[in-house]
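Remarks on the structure that follows.
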Amino acid sequence: MVVTAAAGAGIGSAVARRALLEGARVLISDIHEPRLQATADRLEAETGSRPAVALCDVTAESQVQGLMAAAVSELGGLDVMVNNAGMGGSVRLVDMTDEQWSAVVGVTLGGTMRCTRAALRLLIDQGTGGAIVNNASVLGWRAQPEQAHYAAAKAGVMALTRVAAAEAAEHGIRVNCVAPSLARHPFLDRVMDPGKLDELAALEPFGRAAQPWEVANVMVFLASDLSGYMTGEVVSVSSQHP
């Protein structure tokens, strides 16, 4: 299994942790090398298994190709690709610059497309089937002020997932995605106003945000044979129907 944007304590590292506990061989990637190595150390301490690591900027095709090469060299090939990389921010549309729009869409949608495309090419060449799991968001369905760029990108991830699934089915490859509501972790508190996050969490029926591991459980399910008849699906990991 390859997991992008897995450094730190967010959804990506929670997916890697659950997969390692299930006995999978895992490669985690991120753009931040020190944090990536620290995450690998922590996962090894928590699970007894150390994931392989590879630096990757998902907006750069050459680095995505390097990630696929690392999967082959470190894991012996690819069976599951988890596309977790994304970028957010809060700004009203009337104040949004082209640069802000392009940055969020470039990582969140463009990066997911690039990694899905590379994974599909490798999985098709291998001829052994496989699974791709993308991370979308309930904001792909719901309207939330100051999130036009992020919401548009995540809606794009949902559409990309459905089309990729239709094209990959003949090769025995499944492509699904999750759409979490608010999943809170330390990095999110650094890039968004904690007070605003508290307000959003209070609106959830459980009165709290999701924990990263609660989203990770569903992503690992979609990566496993337990979801063997599911493809092209968007699974809401939420305490509220969209």
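Every number here is computed from the coordinates shown, using simple stated rules; none is lab data. Every value quoted in this text rests on a predicted model; they were computed, and no experiment measured them. Heads up, the Cβs are rebuilt from the backbone with ideal geometry, glycines too, and the neighbour counts pull from every protein chain shown.
A few remarks follow.
- In the set (1) of a type in the set (A, V, I, L, M); (2) part of a helix (DSSP H, G or I); (3) more than 22 Å from Leu27 (Cα to Cα); (4) more than 15 Å from the chain's Cα centre (by Cα), Val72 fails one condition alone, (3).
- The lone exception for Gln147 - which of (1) crowded, with 21+ Cβ neighbours inside 10 Å; (2) polar (S, T, N, Q); (3) farther than 30 Å from Val94 by Cβ it fails: (3)
- Count of the range 64-84 residues which are polar (S, T, N, Q) and buried (at least 18 other Cβ atoms within 10 Å of the Cβ): 2
- Of residues in the range 4-32 being among the β-branched types (Val, Ile, Thr) and touching an Asp or Glu at 6+ places or on another chain (Cβ under 9 Å), the one surrounded by the fewest Cβ atoms within 10 Å (Cβ to Cβ): Ile31
- Test: residue in the range 139-154 that is under 28 Å from Ala52 (Cα atoms), in a loop (DSSP other than H, G, I, E, B) and in contact (Cβ under 8 Å) with a residue 24 or more places away in the chain: no
- Residue check, Ala85 in a helix (DSSP H, G or I) and either under 23 Å from Ser13 (Cβ atoms) or under 20 Å from the mean Cα position of the chain (by Cα) (or both): no
- Within the range 41-52, being surrounded by fewer than 21 Cβ atoms within 10 Å (Cβ to Cβ), not in a loop (DSSP other than H, G, I, E, B) and not small (Gly, Ala, Ser) holds for Asp41, Arg42, Glu44, Glu46, Thr47.
- Neighbours by Cβ (under 7 Å, 6+ apart or cross-chain): first from the range 57-75, touching a residue at least 24 places away in the same chain (Cβ under 8 Å); second surrounded by 13 or more Cβ atoms within 10 Å (Cβ to Cβ) and among the polar types (S, T, N, Q): Asp57/Gln63; Val58/Thr4; Leu67/Ser29
- Conditions (1) under 20 Å from Arg174 (Cα atoms); (2) in contact with a strand residue (DSSP E or B) (Cβ under 6 Å, 6 or more places away or on another chain): number failed by Pro51: (1)
- Residue within the range 120-133 that is over 21 Å from Leu75 (Cβ atoms) and of a type in the set (D, E, K, R) present: no
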